[in-house]
Amino acid sequence: MRILYVEDNPANISLLQRVARMGGHEVLYYNEGEKALENFASDNPDLILMDLQLAGKMGGLDVVRKLRSDGVSKPIVAVTAYAMMGDKERCLEAGCDAYLSKPLPVAELVEMVSMYQEKVNAAAAAATASAPTPEKPAVTTAPEKNNRCARCRSEAGSCS
């Protein structure tokens, strides 16, 4: 699974990379929301982890709102040191699917990534199952080849 982590703290990026690699996942990261938005389409992540307080002009919730207004339906998890009353609700209202508070709880992070991996796998399986099977083209033989083959068989007993 490809995970996009928008985070400006190198220690948190390093932790997530180690955890993700253990599960065979790829991590792409940006420390600014603007860069994440610029590269989102080409990165094509399966899961987005979004810090709320970022370097640059845009905060994490601004990035989430922009992604949602652009029609992005991929799961977004707020990862933040904000743990005040109402912070989780603000994240969910902005368009986040879940909320993790820092310091990152490794066991909870692993469980969450596994849950989203199962959802990605299920969606891929459903898409494959519902895709129409392409019809095989009908095989036709050109009339001139039929005539040539008939002539070959009558003259030499074989056709090449």
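Worth a mention:
- Packing-based exposure ordering (other Cβ within 10 Å, fewest first) of 79, 110: 110, 79
- Per-residue ³J(HN,Hα) for the range 10-27, Karplus 6.51 cos²θ - 1.76 cosθ + 1.60, θ = phi - 60°, Hz, x for Gly and Pro: x, 5, 5, 4, 4, 4, 5, 4, 4, 5, 5, 4, 4, x, x, 9, 9, 10
- For the range 45-116, a Kirkwood radius taken over Cα pairs fed into Stokes-Einstein (20 °C, viscosity 1.002 mPa s) yields D = 172 µm²/s.
- Residues 51, 97 in ascending order of nearby Cβ atoms (within 10 Å, fewest first): 97, 51.
- Taking every alpha-carbon pair in the range 2-130 and binning the separations at 10 Å intervals from zero gives 12, 47, 34, 6, 0 percent.
- Between residue 68 and residue 87, the contour length at 0.36 nm per residue exceeds the alpha carbon distance by 5.0 nm.
- Remark: relative contact order (the range 2-130) = 21 percent; criterion is Cα-Cα distance under 8 angstrom and separation of 6 or more residues.
- Count of Lys pairs (Cα-Cα under 15 Å; at least 8 positions apart or interchain) in the range 2-130: 6
- Charge dipole of the range 3-129 (Cα centre as origin; +1 on each Lys and Arg Cβ, -1 on each Asp and Glu Cβ, all else neutral): 40 debye, rounded to the nearest 20.
- Rounded to the nearest Hz, the phi-derived 3J(HN,Hα) couplings of the range 119-128 under the Karplus curve 6.51 cos²θ - 1.76 cosθ + 1.60 (θ = phi - 60°) are 5, 4, 4, 5, 5, 5, 5, 5, 5, 5, where x marks glycine and proline.
Read-outs throughout are calculated quantities, based only on the coordinates presented, and are distinct from any laboratory measurement. Please read these numbers as outputs of a predicted model, since none were measured by experiment. Neighbour counts run over all protein chains shown; Cβ positions are idealised from the backbone, glycine included.
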